[in-house]
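To start, the structure itself, in C-alpha cells.
The values are calculated or read from the model by the stated rules, or taken from the named source; none is laboratory data. Being a predicted model, the structure only gives us computed values, none of them experimental. Glycine gets a Cβ as well: all are built from the backbone with ideal geometry, and neighbour counts include every protein chain shown. Keep in mind that these areas ignore ligands, DNA and RNA; they rest on the heavy atoms of the full protein, side chains included. Shrake-Rupley method; radii C 1.70, N 1.55, O 1.52, S 1.80 Å.
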Amino acid sequence: MIPEGTLTDTFAADVVRDLQRTPKQLQARYLYDALGSSLFDGTCRLPWYRITRAEARLLRRHAPELAAAVPGWLDDPTIVELGCGNGEKLEVVLTAVPDAPVDVHLIDISPDALQAATARLAGLSHVSVTRHEAPYEVGLDWVRPQLRARGPALVLFLGSNIGNFDRPVAESLLRSVRHALQPGSALLLGTDLVKPRQTLILAYDDPLGVTAAFNKNLLVRINRELGADFDLDAFEHRAIWNETEQRVEMHLVSLRDQEVWLAAPAVRIRFKAAESIWTESSYKYTEQSIADLGARTGFTVTTQWIDREAAFALTLFESV
C-alpha cells in the first residue's frame, strides 16, 4: 500500500503544477474519486456510450476461448487487472476458469474501485484477491517478483483505458506490462475504434449531462481536498474530436475572466474567458494500429475479437 498522505500530497502537487501549464490540464486519473467513479458507472449505462456493453458482450462470448488460448495458464492461473472498476468484467473472465485456485491481483489508484471489485469477487471461493492501491506502473513493479516466480500470467487492461494515455505513454505502459511478465504470458487489451465524429461526441457529451457532471466533479474534488473555490457555474463541459490525433478531448471551459484560489498549497490561478482545462483524452485505434502497438512493446497478436456494431475490439496478445 502507498503510505498514508502520499496520494493527497501528490494530488496537490500535480494539480498546482498542471493548472499553471499552457494549456492548463489535469490528470484524468483524478476524475475517479468515490463520486467520480459512481458518475462514470452511470456514463457507462448511457445509450450513447457503447464501450462497456460492447466489451461485456465480447467477454461473455469469448471467455472460454480466452482461457484456452493462453498455453499452460490454467495449470497455475494468475490474473492481474489494471483498473479493476467494480470487478464485473473480471467476474466474467473467471467464469471460464475451472475451480482450481486463481491468484488475482487488482491494481488501481481508486480505493473505492478496489473495495467494490473485492466485494464482488468475495463469493468465488477459489479466487484469492490481492489489492494494490497504486498507479499502474508502481503496481506492476510490486507484482513482478510473484509473476516471474510462477507460470504464465494473464493481464487484463480493459474498458479502453489505454485510450486515456497519449501514444508515447501508452507504449511505455505496455512495455512495463511486458517487463513484468514471463514469455508466453498474455495481455487482453480492450480498445475503442475510430468511428464517426458525431457518434464519438455523443458518447462524451451526452444529452443527459452525466458526462458533464463526471467532468465537473473534478473541480468539486479540488474544492473539497485542496480548499479551492472553483465556481462550477463558471465552467462548461466540452468534448472535442481531434481528427489529427484521433482522440476525443474533454475540457472544462472558463465562461469568463476569473481567478481561483487554492488554499493547500496557497496559490492563485488566473483564467481568461474561453480558456480551458484539458481533463481527459480518449484515443481511438484501428485494428492495425492495435497490432502495431503490441509489436512495438514486446507482444504479438494471438487473436482479436471485434464488436462491429459498436466498433470496439478485444485483442489477446502473447508476450514474446
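The figures follow:
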item: Complete set of residues in the stretch 184-198 that are surrounded by 15 or more Cβ atoms within 10 Å (Cβ to Cβ) and farther than 18 Å from ASP307 by Cα; result: GLY184, SER185, ALA186, LEU187
item: Residue satisfying condition, being buried (at least 18 other Cβ atoms within 10 Å of the Cβ), under 16 Å from the mean Cα position of the chain (by Cα) and not in a loop (DSSP other than H, G, I, E, B), within set GLY163, GLY159; result: GLY163
item: Test: residue in the stretch 51-64 that is part of a loop (DSSP other than H, G, I, E, B), open to solvent by 70 Å² or more (accessible area, probe 1.4 Å) and either in contact with a helix residue (DSSP H, G or I) (Cβ under 9 Å, 6 or more places away or on another chain) or more than 24 Å from ALA170 (Cα to Cα) (or both); result: no
item: Within the stretch 199-214, tally of residues that are part of a helix (DSSP H, G or I) and open to solvent by less than 30 Å² (accessible area, probe 1.4 Å); result: 7
item: ASN217, sole failed condition from (1) open to solvent by 40 Å² or more (accessible area, probe 1.4 Å); (2) in contact with a Gly (Cβ under 6 Å, 6 or more places away or on another chain); result: (1)
item: Neighbours by Cβ (under 6 Å, 6+ apart or cross-chain): first from the stretch 296-320, over 16 Å from LYS284 (Cβ atoms); second part of a loop (DSSP other than H, G, I, E, B) and modelled with pLDDT under 95; result: THR300/VAL320; SER319/LEU181; SER319/PRO183; SER319/SER185
item: For ALA228: the one exception among (1) without any contact (Cβ under 8 Å) to a residue 60 or more places away in the chain; (2) within 20 Å of ARG45 (Cα to Cα); result: (2)
item: Test result for ASP192, of a type outside the set (A, V, I, L, M), in contact with a Lys or Arg (Cβ under 8 Å, 6 or more places away or on another chain) and farther than 29 Å from THR10 by Cα; result: yes
item: Of residues in the stretch 1-17 being crowded, with 16+ Cβ neighbours inside 10 Å and either of a type in the set (D, E, K, R) or in contact with a helix residue (DSSP H, G or I) (Cβ under 7 Å, 6 or more places away or on another chain) (or both), the one modelled with the highest pLDDT; result: VAL15
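To keep it simple, each residue is scored yes or no on (1) within 30 Å of ASP9 (Cβ to Cβ); (2) touching a Phe, Trp or Tyr at 6+ places or on another chain (Cβ under 9 Å); (3) open to solvent by less than 10 Å² (accessible area, probe 1.4 Å).
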residue	(1), (2), (3)
GLY72	no, no, no
ASP75	no, no, no
VAL93	no, no, yes
LEU124	no, no, no
SER128	no, no, no
GLY151	no, yes, no
